[in-house]
Amino acid sequence: MTKQSQANQGRRHVGVGKSFAAIGCAAAVTLAVSLPLAAHHSFSAEFDSSKEIRATGAVTEVEWMNPHAWIHLGVTELCERAAVPRGSDAEEEEWACRMPGAGEGAEWAFEMGSPNGLMRQGWSRNSLEPGDVVTISGTRARDGSTNSNARNVTMADGTRLFAGSSESDSP
């Protein structure tokens, strides 16, 4: 074997090592990027779009963080109805309103869109403060818990803000 062929053979081994390193690096990056996507849930997996909810009460806490902002509400009036399927000619049912039952508690949590998406809809970190009275319309959780997905939030002065829900389009 000549010195030239020995040098080329050595380069091939180095090249193979670089190829394995590049493939391993690409696999690690792909995995790291896909993990946050896998952690995110789909709307229909967590919420039942056939069960509309409207809750009125005082804001107790606002969590302004990714991937979703949350409004916690001390509910004084809770209204529910079956949703009319999109594209249907059926008439909307009347809201059945009541005070929260003893078994479910008065503290409810409403998932909204991401803080970035909410800011594009006109929200700011200071749009809601604890004690503000609001009415939130949205969709019940499938598990029957006191979590819901907010569609819109109506302030005491009548201002209505879209909540960035993944269920519906903005107004």
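Computed from the coordinates by the stated procedures, all read-outs in this text should not be read as laboratory data. Just so you know, these numbers come straight off a predicted model, no measurement behind them. A quick note on method: Cβ atoms are made from the backbone with ideal geometry, for glycine too, and the neighbour counts reach across all protein chains shown.
Applying the Karplus relation 6.51 cos²θ - 1.76 cosθ + 1.60 with θ = phi - 60° to region 116-126 yields 3J(HN,Hα) values of 4, x, 5, 4, 5, 8, x, 7, 9, 4, 9 Hz, where x marks Gly and Pro.
Which ordering of Glu80, Glu92 is given by a fewest-first count of other beta-carbon atoms within 10 Å? Could you put the intermediate results ahead of the total?
Working: Glu80 15, Glu92 11.
Ordered from fewest to most neighbouring Cβ atoms within 10 Å, Glu80, Glu92 come out as Glu92, Glu80.
Backbone geometry of region 147-160 corresponds, through the Karplus equation with coefficients 6.51, -1.76 and 1.60 at θ = phi - 60°, to 3J(HN,Hα) couplings of 9, 8, 9, 7, 9, 8, 10, 10, 6, 4, 7, x, 4, 10 Hz, x marking Gly and Pro.
Around the amide H of Phe47, modelled in the peptide plane, lie the amide H atoms of Arg142, all under 5 Å away and 5 or more residues distant in sequence or on another chain.
Please order Arg81, Arg98, Arg54 by the number of other Cβ within 10 Å, starting at the fewest.
Details: Arg81 15, Arg98 10, Arg54 19.
Ranking Arg81, Arg98, Arg54 by Cβ neighbours within 10 Å, fewest first, gives Arg98, Arg81, Arg54.
In this structure, Cys79 and Asn147 have a Cβ-Cβ separation that, at R0 = 30 Å, corresponds to a calculated FRET efficiency of about 0.95. Residue-wise HN-Hα couplings along region 59-66, as the Karplus relation 6.51 cos²θ - 1.76 cosθ + 1.60 with θ = phi - 60° gives them from phi, are 5, 9, 6, 10, 9, 9, 8, 7 Hz; Gly and Pro carry x. Between the amide H of Gly164 and those of Gly113, distances stay under 5 Å, these residues lying 5 or more places away or on another chain, with hydrogens modeled in the peptide plane.
If you rank Asp157, Asp48 by fewest surrounding Cβ atoms within 10 Å, what's the result? Before the final figure, lay out the partial values.
Values: Asp157 5, Asp48 18.
If I rank by nearby Cβ atoms, fewest first, I get Asp157, Asp48.
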